[in-house]
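Asks: Take this structure first; my questions come after.
No value in this document is a laboratory result; all are computed from the given coordinates. Here the structure is a predicted model, which is why all the values come from computation and not from measurement. Neighbour counts are summed over all protein chains in view; Cβ atoms, including those assigned to glycine, are modelled from backbone coordinates with ideal geometry.
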Ligand code: 13P
Ligand code: SF4
């Protein structure tokens, strides 16, 4: 679906984007809008060739970026692997800063550029390295597990990194039966419940951060949809609260949710995660429909085609990911531990 050719036409772009209708004007594409976007997309494609750059795009970013200039689109685990494997000299990471940081940690010789001007994340911003150091003094026997939604400095203080696609399995595989999970409180509670469900006894402590998008969903929405659309499958992200997770038919990372819908015989879903996945569904699985609503992440949605062109043309110091060499070395050990435990 990604338009990989060197040059595209407005008709080709419109053909891919015409059915996307999420988030009001943010993600709706008339033919006229596609005519306006096409020259900019073609300029970015030429810049990518000139600079030997690849563009990694998270599923929550707008569809014009995903399908117009993206090389790879997916969840944070998939994109981390692509960042590690790429031969390109420059990585443009259309997502949020912690994902760009992770790309730099995994492939430090590359120039990593972050186009989004509001590149935070309510989880990554909820805890500092100093707070982790203090917690480690309080819980000296615990293995410190951090969600990938953390800064490089926080990763440097932790033992193992996880993503939403592997959090349960990795925490089970860690030989220690005492785990401190940070920063997501709701994912921490879901972890406790999942281990209990699988009959695994571990002491789990967790921090108090939340994702401002996912914490808004509640089980009431699910009960309402189950009454109105009894055939619909309910799918959610593990950053949602325990009532949402317990009442969902499937829980997973953004890529796992998309795969679930792809493989399901069902064609009606309530999806409790950011709207970006709804856009991908309209393009990639047009036979499937969504019921209910979704919400936007202001950080992911701050990525624009104009900013991608800007960072490829004249990146500022702010656009470049720079990590202190000692922090990078320690954060790399934490991220590498994820790949080891993930198998
Ligand atoms: P994924 O790893 O599922 O892409 O999640 C990242 C994220 O920020 C979800 O809010
Ligand atoms: Fe962070 Fe939530 Fe946005 Fe994901 S959706 S980037 S967790 S604020």
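Asks: Tell me which residues, restricted to region 110-123, are part of a loop (DSSP other than H, G, I, E, B), surrounded by fewer than 22 Cβ atoms within 10 Å (Cβ to Cβ) and in contact with a strand residue (DSSP E or B) (Cβ under 6 Å, 6 or more places away or on another chain).
Replies: Across region 110-123, the qualifying residue is only 110.
Asks: Same structure again: Filter region 64-80 for residues that are within 16 Å of ligand 1 (Cβ to nearest atom) and farther than 17 Å from residue 149 by Cβ and give the result. It would help to see each step written out before you state the result.
Replies: Taking region 64-80 and keeping what is within 16 Å of ligand 1 (Cβ to nearest atom), we get 65-66, 70, 72-80.
Correct list: 65, 66, 70, 72, 73.
Asks: So, in region 145-165, of the ones that are more than 16 Å from ligand 2 (Cβ to nearest atom) and surrounded by fewer than 22 Cβ atoms within 10 Å (Cβ to Cβ), which residue ends up farthest from the chain's Cα centre (by Cα)?
Replies: Going through the qualifying residues, I end up with 159.
Asks: Can you pull out the residues in region 286-319 that are under 30 Å from residue 226 (Cα atoms), more than 16 Å from ligand 2 (Cβ to nearest atom), without any contact (Cβ under 8 Å) to a residue 60 or more places away in the chain and out of contact with any helix residue (DSSP H, G or I) (no Cβ under 6 Å at 6 or more places or on another chain)?
Replies: Those that are under 30 Å from residue 226 (Cα atoms), more than 16 Å from ligand 2 (Cβ to nearest atom), without any contact (Cβ under 8 Å) to a residue 60 or more places away in the chain and out of contact with any helix residue (DSSP H, G or I) (no Cβ under 6 Å at 6 or more places or on another chain): 287, 289.
Asks: Then there's this: How many residues, within region 124-136, are within 16 Å of ligand 1 (Cβ to nearest atom) and touching a strand residue (DSSP E or B) at 6+ places or on another chain (Cβ under 7 Å)?
Replies: Of the residues in that region, 2 qualify.
Asks: So how many residues does region 196-222 have that are part of a helix (DSSP H, G or I) and in contact with a strand residue (DSSP E or B) (Cβ under 7 Å, 6 or more places away or on another chain)?
Replies: Within region 196-222, the subset part of a helix (DSSP H, G or I) is 196-197, 214-216, 219-222.
Retained after the next criterion (residues that are in contact with a strand residue (DSSP E or B) (Cβ under 7 Å, 6 or more places away or on another chain)): 216, 222.
Total meeting the criteria: 2.
Asks: For region 38-58, what are the residues that are out of contact with any strand residue (DSSP E or B) (no Cβ under 6 Å at 6 or more places or on another chain) and within 16 Å of ligand 1 (Cβ to nearest atom)?
Replies: 58, the sole residue that qualifies.
Asks: Another question, if that's okay. Of all residues in region 215-245, how many are surrounded by fewer than 17 Cβ atoms within 10 Å (Cβ to Cβ) and over 25 Å from residue 121 (Cα atoms)?
Replies: 9
Asks: Next up: Of the residues that sit in region 253-266 and are assigned to a loop (DSSP other than H, G, I, E, B) and surrounded by fewer than 18 Cβ atoms within 10 Å (Cβ to Cβ), which one is nearest to ligand 2 (Cβ to nearest atom)? Explain how you work it out, then say what you get.
Replies: Initially, region 253-266 is screened for residues assigned to a loop (DSSP other than H, G, I, E, B), giving 253, 264-266.
If we keep only those that are surrounded by fewer than 18 Cβ atoms within 10 Å (Cβ to Cβ) as well, we get 264-266.
Numbers: 264: 23, 265: 29, 266: 25 Å.
In this case the residue turns out to be 264.
Asks: Would you mention how many residues in region 43-83 are out of contact with any helix residue (DSSP H, G or I) (no Cβ under 9 Å at 6 or more places or on another chain) and closer than 26 Å to residue 19 by Cα? Spell out how you get there, then give the answer.
Replies: Keep residues of region 43-83 that are out of contact with any helix residue (DSSP H, G or I) (no Cβ under 9 Å at 6 or more places or on another chain), which gives 46, 49, 52, 70.
Now drop any that are not closer than 26 Å to residue 19 by Cα, which leaves 70.
The total comes to 1.
Asks: Pick out, from region 267-343, the helices (runs of 4 or more DSSP H) lying fully within it that include 3 or more residues that are surrounded by fewer than 16 Cβ atoms within 10 Å (Cβ to Cβ).
Replies: On the way: elements: 276-284, 305-313, 325-342.
Result: 325-342.
Asks: Next question, about the same structure. What number of residues within region 130-161 satisfy the criterion of being farther than 23 Å from residue 177 by Cβ, without any contact (Cβ under 8 Å) to a residue 24 or more places away in the chain and not in a helix (DSSP H, G or I)?
Replies: 0
Asks: May I pose another question? I want to confirm something. Restricting to region 257-266 and keeping residues that are out of contact with any helix residue (DSSP H, G or I) (no Cβ under 9 Å at 6 or more places or on another chain) and more than 21 Å from residue 219 (Cβ to Cβ), which single residue is farthest from ligand 1 (Cβ to nearest atom)? Before the answer, list the steps.
Replies: From region 257-266, those out of contact with any helix residue (DSSP H, G or I) (no Cβ under 9 Å at 6 or more places or on another chain) are 259-260, 263-266; that's our starting set.
Checking the rest, the ones that are also more than 21 Å from residue 219 (Cβ to Cβ) come to 259, 263-265.
Numbers: 259: 12, 263: 17, 264: 18, 265: 24 Å.
Filtering first and then ranking leaves 265.
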